[in-house]
Amino acid sequence: MSNYQQYCLTRPIQSSIVMGAVFSGIDAMQYGIRNVTPKSVAMNMGFIYMYNAIQCPMAEIHGRESSLHNFVAAGTIGYLGVTSNRLGIPFVDPYSLYKFRPLTPGGVAFVVYGGIGFALATLGGKKP
C-alpha cells in the first residue's frame, strides 16, 4: 500500500475543516451571517471531505492520481447535492432546464461540477 493510499482518508480532514470554514465565510459575505448555520458549515466541510475521499479508490485502482478522478468526484458531489436540494447549479440558468426537457438537473450538475473539478485539477498540474 502506498503512503498516499495509507493516509488518504485521514489527510484531508484538516484541509476540509479549514476550507469548509472559508467557504462558509464566503457564504456569510454573499448572503449575510444569518444564513450561515452550524449545519451549513458542517455540510461545506463534509462535501469537501467527500470530494477527497471519493478519489482514494480511483487512485488506488489506476495507480496514480488523475484529473479525471477529480471530474468524477466533483460530478458525484454535484449530482448528490442537487438531487437532494442541498446545492444549486452554478453558471446555469434554471429556466433552461424547463426549456430543454431532456436535461435533468442531476445530469447537468454532474457535468458542471465535474468540469469545475477537472479544470482546477488540470490547472493544479494533474494529468488526465
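The values are calculated or read from the model by the stated rules, or taken from the named source; none is laboratory data. None of the values given here were measured: they were computed from a predicted structure. Backbone-built Cβ (ideal geometry, glycine too); neighbour counts: all protein chains shown. Accessible surface areas use protein heavy atoms only, side chains included; no ligands, DNA or RNA. Shrake-Rupley method; radii C 1.70, N 1.55, O 1.52, S 1.80 Å.
How many residues are of a type in the set (A, V, I, L, M, F, W, C), in contact (Cβ under 8 Å) with a residue 24 or more places away in the chain and open to solvent by 80 Å² or more (accessible area, probe 1.4 Å) if we restrict to the range 98-128?
Residues meeting the conditions: 2.
Whether any residue in the range 76-97 is over 24 Å from ASN44 (Cβ atoms), surrounded by fewer than 19 Cβ atoms within 10 Å (Cβ to Cβ) and hydroxyl-bearing (Ser, Thr, Tyr) is what I want to check.
Looking for residues that are over 24 Å from ASN44 (Cβ atoms), surrounded by fewer than 19 Cβ atoms within 10 Å (Cβ to Cβ) and hydroxyl-bearing (Ser, Thr, Tyr), one finds at least one in the range 76-97, hence yes.
Taking the range 8-50 on its own, how many of its residues are in contact (Cβ under 8 Å) with a residue 12 or more places away in the chain, among the aromatic types (Phe, Trp, Tyr) and either open to solvent by 80 Å² or more (accessible area, probe 1.4 Å) or over 16 Å from ALA74 (Cβ atoms) (or both)?
Number of matching residues: 1.
Please indicate, with yes or no, whether at least one residue in the range 32-51 is touching a Pro at 6+ places or on another chain (Cβ under 7 Å), within 18 Å of ILE116 (Cα to Cα) and either modelled with pLDDT under 90 or assigned to a loop (DSSP other than H, G, I, E, B) (or both).
no
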